[in-house]
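Novice: A single structure is presented below for examination.
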Amino acid sequence: MKTLSLFILTCLLLAVNSKAETPVYSFGVRITGEGKPMILIPGNKGSADTYNEVVAHYKSRYKCYVITLAGFAGQTPSDAHDHLLLKQRDDIIRYIVNEHIHKPVLVGFSFGAGLAMWVACTRPKLIGPFIDLDGTPFDAAVDVDHFDKDSLIKADGERYKKALTRTPAYWKMRDSAFHSPASNKEGAIYLQKLVSDTNRIAEIMRWDVASDFRSGILMNLEADTLDLREDVSKIKSPILLLGSWQGYDVIKTKADAEKRYGAAFAKAKNITIRFSENGKHFLMWEDFDWMISEMDKFLAKNS
C-alpha cells in the first residue's frame, strides 16, 4: 500500500510539473487550415473574426494562426499591470519560438499591424513575409499635419502613468459611460467613415463592448508613444503595405495618403506599397477582392 501511495504521489507531482511547464500566452489563438504558417493579428479591440474571409481563402494552403489580443473582444485581459502591449509583443514572439513556427507570414491590420511591425523589428529573423493592412510605424506622422513628437509622447506618457493609478471602480464607470446610448450613436457615426456595411459596424461595436476598457486605454496609449519609423529598417523580410485613404480627417486624396505613408516607411528596405482606389479602412470588408489579389501576388513571389 505504501509503495502504491508513493507511486500515485510521484504521478501527481509529474502531472503538476508538466502543467507548470506548459507555456501560457495571454492572447487567444484560433488555428485553421494546413500548409505554410500564417499569423494574423486583428485591429484595436478586434476579434479573430476580422479575418474569417481571409482564412477561408488561404486555409487550403496555409495554417492560419488567428490571434485575439488579451482583453479584446471577450479575450481574458492580461495579468500584467503595465506595458500590456509589450507583453503581447513578447508573448507572440514566445509563441513563434515555443511552437516551432518557422518563418510565418505575418499579417496585421491597423493597430494589429503596428504590433506585428514591432514583432518584426524586434526579432526580424523569426518571421517571413510581412503584410501590413493599413497600419503605420507611427500614427501621428500620418494622421497629423503638424506635431511635436517629444511633446506628444510626453503628454501620452503622463496620461499612461495616471491611468496606471486608476481603480477597478473607475474603469467600470468609464466603460459604462463610453458605452452609453449617446456614445454608441456617436461611435456608429464615426465608424461609417471606416466601413460601409451597417452589420459590420454593429459587429465592431459588439467587440468593443466585449473588450476590457482598461486594456484598450493602456495599450492604445502605449502604441501612441511607439515610433518605429527608424526601426523598420531592421525588418529583413519583404513587406507589403496595403492602405486606404477614405474616411480620414486629414488625408483627403489617395496621392496624399501615398506621400504620407511613403515618408513613414522611408527606412524600410524591401517594401511594396499599394493603395485601394475605393476601400475604406477595413480593407478585408471594403475591398476584399483587390486586397486578396495583392496578397496573393505578393505571397506567390515571396513565400
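Novice: Looking at the structure I just gave you, is residue 195 β-branched (Val, Ile, Thr), surrounded by 19 or more Cβ atoms within 10 Å (Cβ to Cβ) and touching a Lys or Arg at 6+ places or on another chain (Cβ under 9 Å)? Reasoning before the result, please.
Specialist: Details: β-branched (Val, Ile, Thr): yes; surrounded by 19 or more Cβ atoms within 10 Å (Cβ to Cβ): yes; touching a Lys or Arg at 6+ places or on another chain (Cβ under 9 Å): yes.
Yes; evaluated as a whole, the condition is true for this residue.
Novice: Could you look through region 198-219, keep only residues that are open to solvent by 30 Å² or more (accessible area, probe 1.4 Å) and touching a helix residue (DSSP H, G or I) at 6+ places or on another chain (Cβ under 7 Å), and pick out the one that is nearest to residue 113 (Cα to Cα)? Step through it out loud before you land on a result.
Specialist: Of region 198-219, the ones open to solvent by 30 Å² or more (accessible area, probe 1.4 Å) are 198-200, 202-203, 205-206, 208-210, 212, 214, 217.
Then drop every residue that is not touching a helix residue (DSSP H, G or I) at 6+ places or on another chain (Cβ under 7 Å), which leaves 200, 205, 214, 217.
On the way: 200: 20, 205: 20, 214: 21, 217: 18 Å.
Filtering first and then ranking leaves 217.
Novice: Another question about this same structure. All but one of (1) under 13 Å from the mean Cα position of the chain (by Cα); (2) without any contact (Cβ under 8 Å) to a residue 24 or more places away in the chain hold for residue 107, so report the exception by its number.
Specialist: Evaluating residue 107 over (1) under 13 Å from the mean Cα position of the chain (by Cα); (2) without any contact (Cβ under 8 Å) to a residue 24 or more places away in the chain leaves (2) as the failure.
Novice: Can you list residue pairs whose Cβ atoms sit under 6 Å apart, with the first residue in region 238-249 being farther than 10 Å from residue 277 by Cα and the second being crowded, with 23+ Cβ neighbours inside 10 Å and among the acidic types (Asp, Glu)? Count only pairs 6 or more apart in sequence or on different chains.
Specialist: Taking only residues 6 or more apart or on different chains, the pairs are 241/132.
Novice: A further question on this structure: Are there any pairs, at least 6 apart or on different chains, whose C-beta atoms fall under 8 Å, with the first in region 195-216 and of a type in the set (Phe, Trp, Tyr) and the second open to solvent by 50 Å² or more (accessible area, probe 1.4 Å) and not in a helix (DSSP H, G or I), and if so, which?
Specialist: Listed pairs, sorted by first residue: 207/74.
So that you can scan it fast, the table gives a plain yes or no per residue for (1) open to solvent by less than 40 Å² (accessible area, probe 1.4 Å); (2) charged (D, E, K, R); (3) over 15 Å from the mean Cα position of the chain (by Cα):
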site	(1), (2), (3)
93	yes, no, no
165	no, no, yes
171	yes, no, yes
175	no, yes, yes
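Novice: Now for a separate question. Quick one: in region 53-65, of everything that is of a type outside the set (Phe, Trp, Tyr) and under 16 Å from residue 128 (Cα atoms), which residue is least open to solvent (accessible area, probe 1.4 Å)? Before you say what the answer is, go through the steps one by one.
Specialist: Just the residues of region 53-65 that are of a type outside the set (Phe, Trp, Tyr), to begin with: 53-57, 59-61, 63-64.
Now narrow it down to the ones that are under 16 Å from residue 128 (Cα atoms): 61, 63-64.
Values: 61: 110, 63: 66, 64: 0 Å².
The residue in question is 64.
Novice: Regarding region 142-151, can at least one residue be identified that is touching a helix residue (DSSP H, G or I) at 6+ places or on another chain (Cβ under 7 Å), surrounded by 14 or more Cβ atoms within 10 Å (Cβ to Cβ) and closer than 30 Å to residue 296 by Cα?
Specialist: yes
Novice: Which pairs do you get when a residue that is among the charged types (D, E, K, R), found in region 35-53, comes within reach of a residue that is modelled with pLDDT under 95, reach meaning Cβ atoms under 9 angstrom, with the pair 6+ apart or on two chains?
Specialist: 36/303
Novice: Residue 160 - would you say it is free of Cβ contacts under 8 Å to residues at least 12 places away in the same chain, farther than 30 Å from residue 63 by Cα, surrounded by fewer than 22 Cβ atoms within 10 Å (Cβ to Cβ) and under 23 Å from the mean Cα position of the chain (by Cα)? Talk me through it step by step, then tell me what you get.
Specialist: Values: free of Cβ contacts under 8 Å to residues at least 12 places away in the same chain: no; farther than 30 Å from residue 63 by Cα: yes; surrounded by fewer than 22 Cβ atoms within 10 Å (Cβ to Cβ): yes; under 23 Å from the mean Cα position of the chain (by Cα): yes.
For residue 160, the condition - free of Cβ contacts under 8 Å to residues at least 12 places away in the same chain, farther than 30 Å from residue 63 by Cα, surrounded by fewer than 22 Cβ atoms within 10 Å (Cβ to Cβ) and under 23 Å from the mean Cα position of the chain (by Cα) - is not met.
Novice: Spot the failing condition for residue 258; the list is (1) closer than 20 Å to residue 298 by Cβ; (2) in contact (Cβ under 8 Å) with a residue 24 or more places away in the chain; (3) open to solvent by 60 Å² or more (accessible area, probe 1.4 Å), and only one is missed.
Specialist: (2)
Novice: What are the residues in region 235-255 that are surrounded by fewer than 19 Cβ atoms within 10 Å (Cβ to Cβ) and farther than 23 Å from residue 152 by Cβ, if any?
Specialist: Taking region 235-255 first, the residues surrounded by fewer than 19 Cβ atoms within 10 Å (Cβ to Cβ) are 236, 247-250, 252-255.
If the condition is that a residue be surrounded by fewer than 19 Cβ atoms within 10 Å (Cβ to Cβ) and farther than 23 Å from residue 152 by Cβ, then 236, 253, 254, 255 are the ones that fit.
Novice: If you don't mind, there's one more thing I want to ask. Checking the condition touching a Pro at 6+ places or on another chain (Cβ under 9 Å) and either hydrophobic (A, V, I, L, M, F, W, C) or over 23 Å from residue 287 (Cα atoms) (or both), which residue from 41, 92, 101 passes? Give the derivation first.
Specialist: On the way: 41 fails: touching a Pro at 6+ places or on another chain (Cβ under 9 Å); 92 fails: touching a Pro at 6+ places or on another chain (Cβ under 9 Å).
After applying the criteria, what remains is 101.
Novice: At pLDDT 95 or above and more than 25 Å from residue 77 (Cβ to Cβ): which single residue out of 218, 283 fits that description?
Specialist: Numbers: 218 fails: more than 25 Å from residue 77 (Cβ to Cβ).
Within the list 218, 283, the selection yields 283.
The values are calculated or read from the model by the stated rules, or taken from the named source; none is laboratory data. For clarity, every value in this text was computed on a predicted model and none was experimentally measured. FYI the Cβ positions are ideal-geometry reconstructions off the backbone, even for glycines, and counts take in every protein chain you see. These area figures cover heavy atoms from the full protein model, side chains too; ligands, DNA and RNA do not enter into them. Shrake-Rupley method; radii C 1.70, N 1.55, O 1.52, S 1.80 Å.
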